[in-house]
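Every number in this text was worked out from the coordinates using simple rules, so none of it is lab data. As the structure is a computational prediction, the values presented were derived from the model and not from experiment. Note that each Cβ is placed from the backbone with ideal geometry, even for glycine, and that neighbours are counted across all protein chains shown.
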Amino acid sequence: MWTEEHEATMDLFLKDVTKQLLVAYMEDVAGLKVELAMPSQEQRQLTYFIRQPNAEITEETFHKVVQFGTVRKPYIDSLMRLLNAIYLPRLFRKASWPESIKNEFFSEIYHFMTSLTDTRSKMRGRTVLYIPIEALAIKPEVAVKDKALVQRLESE
C-alpha cells in the first residue's frame, strides 16, 4: 500500500517550502494516492496537510506551521462540522479583535454560514435557518445592549 513514490512525495512536501499542500486518499482503482495537489475527481474521504507559506517544517514546528485534517463526503456536511465544532467557537471567543474588523468579519461569516446552511438543507428537501453561535452564547439581556451584535444578527 505505502510505496517509495508516496514516501518521495511526502519528503518533497516536508522539505520544499514552496509546496503548500499534501493530500492523501484512497482511489477505487489505483489505491492509496499521496499528491501535492487536490484530486481532479471527488473522493469519499481525503486527508490534507496545508503548510503556512514558505514555512519550514520540523518536528518542533509541525503543529505551528501545518494545518491538517480529514474531510468526508458529503463535503458540505464536513465543512459545516469543521466550522461549527472547531473554527467558529474559537473565533467568537477571541475578545481582542478591533470592533470594526470584528463586525465586518462576523457579518461575512454569518452570510457564508447562512448560505452554506441553506444549500445543505435544500439538498435534503428541508428549510433550516442558521443561528449564529455568537447569538447562542450571549444572554438576551446582554445581547440587546450590544448594538453591533444586534445589527449583525438582523442583517442575516
Answer with yes or no whether T70 is surrounded by fewer than 12 Cβ atoms within 10 Å (Cβ to Cβ), in contact (Cβ under 8 Å) with a residue 12 or more places away in the chain and not charged (D, E, K, R). no
When residues of the stretch 75-96 are filtered for being surrounded by 13 or more Cβ atoms within 10 Å (Cβ to Cβ) and either under 26 Å from Y25 (Cα atoms) or out of contact with any Asp or Glu (no Cβ under 7 Å at 6 or more places or on another chain) (or both), how many remain? 11
Just give me the residues in the stretch 105-156 being surrounded by 13 or more Cβ atoms within 10 Å (Cβ to Cβ) and over 26 Å from Y75 (Cα atoms), in sequence order. I138, A143, D146, A148, L149, V150, R152, L153
